[in-house]
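J.: Please find one structure pasted underneath; my questions will follow.
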Amino acid sequence: GAGVSQSPSNKVTEKGKDVELRCDPISGHTALYWYRQSLGQGLEFLIYFQGNSAPDKSGLPSDRFSAERTGGSVSTLTIQRTQQEDSAVYLCASTRPRAGNTIYFGEGSWLTVV
Amino acid sequence: AQSVAQPEDQVNVAEGNPLTVKCTYSVSGNPYLFWYVQYPNRGLQFLLKYITGDNLVKGSYGFEAEFNKSQTSFHLKKPSALVSDSALYFCAVSQSNDYKLSFGAGTTVTVRA
């Protein structure tokens, strides 16, 4: 597609429920990132996928968070047993995997846990 | 390890005046430096980057940034600010051999008419 596409754009969920956030990267971009932006905070790296390599999961905050990327394209970020502190904007980004290449972001999925 | 500092949470300027948003970085080896802008309820948009070459980098919407290796800075500038420049600005850095971008906390710019 023309840009990074994320869905849903907004999600309100009850504490304890599971949520899935989806990201469709720019066509041809084999590298994909998830970042989290909490209110008044900077961007926190969560996870990085590149082709068929093992993902870098070093930023995932707890074992309630997981992500997968099927077929080297679409990625899903899953948060199990959501907590109020999970409320944030989850941003997906993609690029061609060469250092210094520009990373392009989607519009984000705004998650509110009530 | 790599990190970015944006020392000002907020910058307020009058329309038509120069705008500067400060950024300093810490990284091993050669840095790759980026500026992104985020408008309300939107994702991040790329403004400009420094990889190598000229220290003065020109980007979108009339913005430019100057890489200063001795001061480890990469300040964003615009000679004449517009009200529409009001947004949240992020500086980011990666090491030259790394894929991971580290972001600053962001600076909110308000341009008053």
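J.: Looking at B:Thr52, B:Thr107, can you tell me which residue is in contact (Cβ under 8 Å) with a residue 40 or more places away in the chain and among the β-branched types (Val, Ile, Thr)?
T.: On the way: B:Thr52 fails: in contact (Cβ under 8 Å) with a residue 40 or more places away in the chain.
Just one listed residue meets the conditions, B:Thr107.
J.: Ok, one more. How many of the residues making up the stretch B:30-49 are in contact (Cβ under 8 Å) with a residue 12 or more places away in the chain, more than 12 Å from A:Tyr104 (Cα to Cα) and facing chain A (nearest Cβ under 7 Å)?
T.: Selection size over the stretch B:30-49: 2.
J.: Would you confirm whether any residue within the stretch A:13-35 is touching a residue at least 40 places away in the same chain (Cβ under 8 Å), open to solvent by 40 Å² or more (accessible area, probe 1.4 Å) and within 14 Å of chain B (Cβ to nearest Cβ)?
T.: For the stretch A:13-35, residues touching a residue at least 40 places away in the same chain (Cβ under 8 Å), open to solvent by 40 Å² or more (accessible area, probe 1.4 Å) and within 14 Å of chain B (Cβ to nearest Cβ): present.
J.: I would also like to ask the following. Which of the residues that make up the stretch B:23-45 are open to solvent by 10 Å² or more (accessible area, probe 1.4 Å) and of a type in the set (Gly, Ala, Ser)?
T.: B:Ser26, B:Ser28, B:Gly29
J.: So which strands (runs of 3 or more DSSP E) are wholly in the stretch A:39-114 and hold at least 1 residues that are surrounded by fewer than 19 Cβ atoms within 10 Å (Cβ to Cβ) and of a type in the set (Ser, Thr, Tyr)?
T.: The qualifying strands (runs of 3 or more DSSP E) are A:65-69, A:75-79, A:109-113.
J.: Condition first: within 14 Å of B:His75 (Cβ to Cβ), in contact (Cβ under 8 Å) with a residue 60 or more places away in the chain and part of a loop (DSSP other than H, G, I, E, B). Now tell me which residues in the stretch B:6-29 satisfy that.
T.: B:Gln6, B:Glu8, B:Pro18, B:Lys22, B:Cys23
J.: I would also like to ask the following. Counting residues that are away from every other protein chain (no Cβ under 14 Å) and more than 25 Å from B:Pro40 (Cβ to Cβ), which strands (runs of 3 or more DSSP E) fully inside the stretch B:55-113 reach at least 1?
T.: Filter on the stretch B:55-113 gives B:56-58, B:64-68, B:73-78.
J.: Of the numbered conditions (1) within 14 Å of chain A (Cβ to nearest Cβ); (2) modelled with pLDDT under 95, B:Cys23 fails exactly one; give the number of that condition.
T.: (2)
J.: Here's a follow-up. Can you find even one residue in the stretch B:4-21 that is under 26 Å from A:Pro97 (Cα atoms) and either of a type in the set (D, E, K, R) or touching a Phe, Trp or Tyr at 6+ places or on another chain (Cβ under 6 Å) (or both)?
T.: Yes, the stretch B:4-21 contains at least one residue that is under 26 Å from A:Pro97 (Cα atoms) and either of a type in the set (D, E, K, R) or touching a Phe, Trp or Tyr at 6+ places or on another chain (Cβ under 6 Å) (or both).
J.: Follow-up question, since we're still on this one. Across the stretch A:1-19, which residue is nearest to B:Arg42 (Cα to Cα) among those that are hydroxyl-bearing (Ser, Thr, Tyr) and under 14 Å from the mean Cα position of the chain (by Cα)?
T.: Top of the filtered list is A:Ser9.
J.: Right, another one. State yes or no: is A:Ser66 in contact with a Leu (Cβ under 6 Å, 6 or more places away or on another chain), at pLDDT 95 or above and farther than 22 Å from B:Leu33 by Cα?
T.: no
The values are calculated or read from the model by the stated rules, or taken from the named source; none is laboratory data. Everything numeric here is computed off the predicted structure, so don't read it as measured data. Reconstructed Cβ throughout: ideal geometry from the backbone, glycine too, with neighbour counts over all protein chains shown. Note: areas computed on protein heavy atoms with side chains; ligands, DNA, RNA excluded. Shrake-Rupley method; radii C 1.70, N 1.55, O 1.52, S 1.80 Å.
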